[in-house]
Amino acid sequence: MTTTTSPPTTTATVTVPEPPSRARRIAGEILSRYGLVLLWIVMLLVLVALIPGDVSPVAAMRTVFSQITPVVFLGLGVVITMSVGEFDMSFAGIFSISAVAVPSLAVLHGWPVWLAVLGAIAMALLVGIVNAALVVLAGINSIVVTLGTWSVSGGLAFLLSRETTVSGLDTALAQISTGRFLGLPHLFWYGLILVAIVAYIMSATPIGRHMAFVGSNRAVAALAGIAVKRVRAGAYIASALLAGLAGVVISIGNGGFNPASAATYLLPTFAAVFLGTVAVVPGRFNPVGMLIAAYFLITGVFGLQLLGLTGWVTEVFYGLALIVAISVSRLLQKKVSG
């Protein structure tokens, strides 16, 4: 009788990595959400150290917080369109024609200021409606459409202003924008209020949830009963309205506007919007992150100016910030979706 001996059984030992401690998880969460804020604080400290002795640090901080309001207005519009999966480049042109319309209609054509303001807002909304119709209804590529409407709006702004800087608005009106509250211009507070409103809508209302759903997957959103086209069209119109408001408050504050200056806001706005995706809600376009990123960028630019570096250095700084922001945003979006 033959006896068969079975080979010894080998039990594989699998080492399960220990989950990170609660403290490490909290630290990682804080760094992922507020790393940009911490870096901004460090930059502010460096900026204070660089300030000449005859300049008050408080005055320098007020200068920083007073410079970037147009980018906040424009960035909110871009955040709205980006969050629903659209791309809008026309905001600079809308900003230009709205800012030019107020002094042009009031000074050159004798309109009452309040009517000139309504006319400027109407022009902005008209461009937003055109964007929505061509992109959402006609299905034309959004980059092509908004690049075209940007060019058309910018060109009409030069026509409306007779290719010059239009000024002459009542200086008393400037208090609407440049008047001070707690040492900061009203424009700063307008920006904060708008950011709070948009952030609430996007995070705590059905409209905001629909926007996020449409931005992540239009087909699934449509199957869920969401009016996808209405959401997309509304985003373009809301973006145009914000750009129009930016133009109105800036032109009133300055007493006029030079249409050639509108293009300078294009790069800083996109840099703030994409850099904002690494803060507060990582991997997603969000208003609060955009606000933090906007002031982070202007702090960096102000620091460069204190060092005597201006001109091309500023353009390089914004360009590098945009490249880094888009790269990090893409990585975070992959991590979130994965």
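The values are calculated or read from the model by the stated rules, or taken from the named source; none is laboratory data. Because the structure is predicted, anything quoted here is derived from the model rather than measured. Backbone-built Cβ (ideal geometry, glycine too); neighbour counts: all protein chains shown.
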Filter pass, VAL281 being surrounded by fewer than 23 Cβ atoms within 10 Å (Cβ to Cβ), among the hydrophobic types (A, V, I, L, M, F, W, C), assigned to a helix (DSSP H, G or I) and over 12 Å from the mean Cα position of the chain (by Cα): no
Contacts under 8 angstrom Cβ, first residue in segment 209-226 being within 21 Å of VAL78 (Cα to Cα) and in contact (Cβ under 8 Å) with a residue 40 or more places away in the chain, partner of a type in the set (S, T, N, Q) and buried (at least 17 other Cβ atoms within 10 Å of the Cβ), 6 or more apart: MET211/SER83; ALA212/SER83; GLY215/SER83
Residue in segment 152-159 that is without any contact (Cβ under 8 Å) to a residue 60 or more places away in the chain, touching a strand residue (DSSP E or B) at 6+ places or on another chain (Cβ under 7 Å) and among the hydrophobic types (A, V, I, L, M, F, W, C) present: no
Any pair with Cβ under 7 angstrom, 6 or more apart, that starts in segment 122-139 at a residue that is without any contact (Cβ under 8 Å) to a residue 40 or more places away in the chain and ends at one that is in a helix (DSSP H, G or I): VAL130/THR149; LEU134/VAL145
Neighbours by Cβ (under 8 Å, 6+ apart or cross-chain): first from segment 38-49, at positive phi and surrounded by fewer than 12 Cβ atoms within 10 Å (Cβ to Cβ); second modelled with pLDDT under 75 and β-branched (Val, Ile, Thr): none
Residues satisfying the stated conditions in segment 188-211, i.e. among the aliphatic types (A, V, I, L, M) and within 16 Å of the chain's Cα centre (by Cα): LEU192, ILE193, LEU194, VAL195, ALA196, ILE197, VAL198, ALA199, ILE201, MET202
Residues satisfying the stated conditions in segment 176-188, i.e. surrounded by 14 or more Cβ atoms within 10 Å (Cβ to Cβ) and without any contact (Cβ under 8 Å) to a residue 60 or more places away in the chain: HIS186
Filter result (surrounded by 14 or more Cβ atoms within 10 Å (Cβ to Cβ), of a type in the set (Gly, Ala, Ser) and closer than 22 Å to ALA227 by Cα) within segment 100-149: GLY128, ALA132, ALA133, SER142
Residue within segment 234-253 that is modelled with pLDDT of 90 or more and more than 30 Å from LEU108 (Cβ to Cβ) present: yes
Selection from segment 287-326 of residues that are of a type in the set (S, T, N, Q) and crowded, with 19+ Cβ neighbours inside 10 Å: THR299
Residue match in segment 274-287 (condition: within 15 Å of THR81 (Cα to Cα) and among the hydroxyl-bearing types (Ser, Thr, Tyr)): yes
Positions within segment 264-286 being of a type outside the set (Val, Ile, Thr) and over 20 Å from VAL301 (Cα atoms), in sequence order: PRO282, GLY283, ARG284, PHE285, ASN286
